[in-house]
Amino acid sequence: MGGVSDEVVIARAVLSRITEPASVKVWALVRREGPVAAVAALRAGECGRQRFPAEAARAARADPYADLEAAERHGIRLVVPEADEWPHFAFGALEAAGLRRLAEYERGNQEQDRRGELIPPVALWIRGVLDLSGVGVRAVAIVGARAATEYGEWVARDLAARLAEHRFLIVSGGAYGIDAAAHRGALSVGGETVLVAAGGLDRPYPPGNGSLFGRIAEAGLLVSESPPGSDPRRHRFLTRNRLIAALSGGTLVVEAAERSGAMNTAGHCTNLGRPLMAIPGPITSAASAGCHRLIAAEQHPARLVTGAPDVLFAVGSAGDVAGTPQDGVRSRGDDLIDRLDTLDPAARLVFDAFPARGWTGPDRLAVAAGLPALQVIRTLPALELAGLVESAAEGYRIRR
């Protein structure tokens with residue numbers, strides 16, 4: 001497992017069995033002692049001033065070898081933070097939030113937030129064909145109501161398909177309604193999707209989506225903090241929502257009641273500093289009340305989304321935005337694609353590296369495009385002549 005010792009893997013398997021997801025005090029212990037020493041301390045009851053009665057009792061009964069054998073039977077593997085496949089890129093913001101929470105914890109704020117603490121998991125059980133380390137690079141979470149309307153399901157399915165066609169990975173929670181519609185939308189165009197579950201991956205929940213879990217395992221990835229055999233308890237849905245937000249470059253809420261799991265995910269998204277988006281609905285629809293509240297919020301309002309270009313504008317690159325026509329009408333995006341087709345591959349790479357908004361310079365473009373700065377400087381005049389970008393004292397930007 002990428003050079004990770006068996007001792008560490010076994011210790012992480014024990015931790016995932018004996019502790020509830022997003023436990024601040026266990027995460028703090030593991031950060032301080034390391035996974036192997038933390039498990040030894042829990043089993044010996046020698047954890048200093050902090051008490052772990054429930055975890056210590058479970059540690060005495062935990063059988064990590066049985067969990068790993070059960071996982072292998074179901075095609076599930078355990079990924080730990082020490083492994084190459086750990087999603088360090090996606091979890092960067094979660095790690096930073098966790099360190100801030102740890103500082104609060106050490107100052108005395110030790111009450112566990114039942115809405116889900118923004119801390120990384122101790123390990124992840126996964127099943128599927130994708131490499132977990134690449135999740136989050138081009139990913140959008142689409143979440144919403146289980147009791148979705150026909151309108152909501154259509155929007156979720158259509159947007160997921162359009163985003164998947166732009167090579168965006170769709171992340172959701174596998175529930176009925178909006179979640180399932182988003183997963184199916186991505187699969188319908190041969191796209192990739194990640195399902196973050198609240199229980200063991202050997203027990204699809206809800207059971208009626210069992211076939212969907214199977215399809216995702218064949219074309220995407222199933223992810224859970226809980227080992228095989230774990231039940232999807234209510235609080236585990238709230239804690240897994242932080243992973244949906246963390247594994248995505250932004251979160252889109254399609255339909256949500258004012259108090260719902262989707263609103264919980266939206267809160268995590270905002271706290272991680274990621275773009276939050278929402279779909280408007282009829283003012284008479286209770287299913288859209290949460291979305292309207294997010295859009296109208298005085299602090300950190302959600303971006304109003306009316307189509308895939310709005311999502312791409314929030315989380316994509318300039319090339320993504322340019323290449324998205326709406327409603328079958330020839331748009332400015334179509335014209336931009338025609339112009340790009342006349343340019344060489346390097347020029348297209350540079351254009352794609354532009355931020356959707358604001359000014360930038362050759363050095364930043366070179367880093368984003370993966371090209372030498374001199375090559376970028378030589379390419380910029382061609383983009384200007386094509387009418388794609390403009391320059392000023394501030395630098396370069398996409399032409400309005």
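The values are calculated or read from the model by the stated rules, or taken from the named source; none is laboratory data. All values derive from a computational prediction rather than experimental measurement. Quick reminder, even Gly has a Cβ in these numbers, built from the backbone with ideal geometry, and neighbours come from all protein chains shown. Heavy atoms of the whole protein, side chains included, go into the accessibility calculation; ligands, DNA and RNA do not. Shrake-Rupley method; radii C 1.70, N 1.55, O 1.52, S 1.80 Å.
Quick look at the values:
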{"read-out": "Where SER226 falls short, out of the listed (1) closer than 20 Å to PHE313 by Cα; (2) part of a loop (DSSP other than H, G, I, E, B); (3) of a type outside the set (Asp, Glu)", "value": "(1)"}
{"read-out": "Matching residues in region 13-40 - criterion: being farther than 19 Å from TYR105 by Cβ, without any contact (Cβ under 8 Å) to a residue 40 or more places away in the chain and not small (Gly, Ala, Ser)", "value": "VAL36, VAL39"}
{"read-out": "Cβ pairs under 8 Å, 6+ apart, first in region 127-139 and touching a residue at least 24 places away in the same chain (Cβ under 8 Å), second open to solvent by 70 Å² or more (accessible area, probe 1.4 Å) and outside any loop (DSSP other than H, G, I, E, B)", "value": "ARG127/ARG77; GLY128/GLU218; VAL129/GLU218"}
{"read-out": "Count of region 41-61 residues which are charged (D, E, K, R) and either without any contact (Cβ under 8 Å) to a residue 12 or more places away in the chain or assigned to a loop (DSSP other than H, G, I, E, B) (or both)", "value": "4"}
{"read-out": "Residue in region 179-186 that is farther than 21 Å from ASP320 by Cα, basic (Lys, Arg) and in contact with a Pro (Cβ under 9 Å, 6 or more places away or on another chain) present", "value": "no"}
{"read-out": "Residue in region 224-238 that is farther than 19 Å from GLU20 by Cβ, surrounded by fewer than 23 Cβ atoms within 10 Å (Cβ to Cβ) and in contact (Cβ under 8 Å) with a residue 60 or more places away in the chain present", "value": "no"}
{"read-out": "Long-range neighbours under 8 Å by Cβ, at least six apart or interchain, first residue among the charged types (D, E, K, R) within region 148-173, second open to solvent by 20 Å² or more (accessible area, probe 1.4 Å)", "value": "ARG157/ARG184; ARG157/SER188; GLU165/VAL189; ARG167/ARG138"}
{"read-out": "Residues located in region 381-394, provided they are in contact (Cβ under 8 Å) with a residue 24 or more places away in the chain, in a strand (DSSP E or B) and within 20 Å of PHE313 (Cβ to Cβ)", "value": "VAL389"}
{"read-out": "Residue in region 381-400 that is surrounded by the most Cβ atoms within 10 Å (Cβ to Cβ), counting only those that are in contact with a helix residue (DSSP H, G or I) (Cβ under 8 Å, 6 or more places away or on another chain) and either of a type in the set (Ser, Thr, Tyr) or at pLDDT below 85 (or both)", "value": "LEU388"}
{"read-out": "Scan of region 239-280 for residues that are in contact with a Ser or Thr (Cβ under 7 Å, 6 or more places away or on another chain), of a type outside the set (S, T, N, Q) and within 18 Å of TYR176 (Cβ to Cβ), ordered by number", "value": "ILE244, GLU255"}
{"read-out": "Sole residue being of a type outside the set (Gly, Ala, Ser), within 26 Å of CYS269 (Cα to Cα), open to solvent by 40 Å² or more (accessible area, probe 1.4 Å) and without any contact (Cβ under 8 Å) to a residue 24 or more places away in the chain, chosen from GLU104, GLU82, GLU95, GLU72", "value": "GLU104"}
{"read-out": "Selection within region 256-304 - more than 20 Å from GLY173 (Cα to Cα), open to solvent by 30 Å² or more (accessible area, probe 1.4 Å) and among the hydroxyl-bearing types (Ser, Thr, Tyr)", "value": "THR284"}
{"read-out": "Qualifying positions in region 185-204 - modelled with pLDDT of 95 or more and open to solvent by 50 Å² or more (accessible area, probe 1.4 Å)", "value": "GLU192"}
{"read-out": "Filter result (in contact with a strand residue (DSSP E or B) (Cβ under 9 Å, 6 or more places away or on another chain) and either outside any helix (DSSP H, G or I) or open to solvent by 20 Å² or more (accessible area, probe 1.4 Å) (or both)) within region 355-380", "value": "PRO355, ALA356, ARG357, GLY358, TRP359, THR360, GLY361, PRO362, ARG364, ALA368"}
{"read-out": "Filter pass, ALA103 being modelled with pLDDT under 90, small (Gly, Ala, Ser) and farther than 30 Å from LEU130 by Cα", "value": "no"}
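To keep it simple, each residue is scored yes or no on (1) aromatic (Phe, Trp, Tyr); (2) closer than 20 Å to ILE119 by Cα; (3) at pLDDT 85 or above.
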| site | (1), (2), (3) |
| --- | --- |
| TRP27 | yes, yes, yes |
| GLU33 | no, yes, yes |
| ALA40 | no, no, yes |
| ALA44 | no, no, no |
| CYS47 | no, no, no |
| ARG61 | no, no, yes |
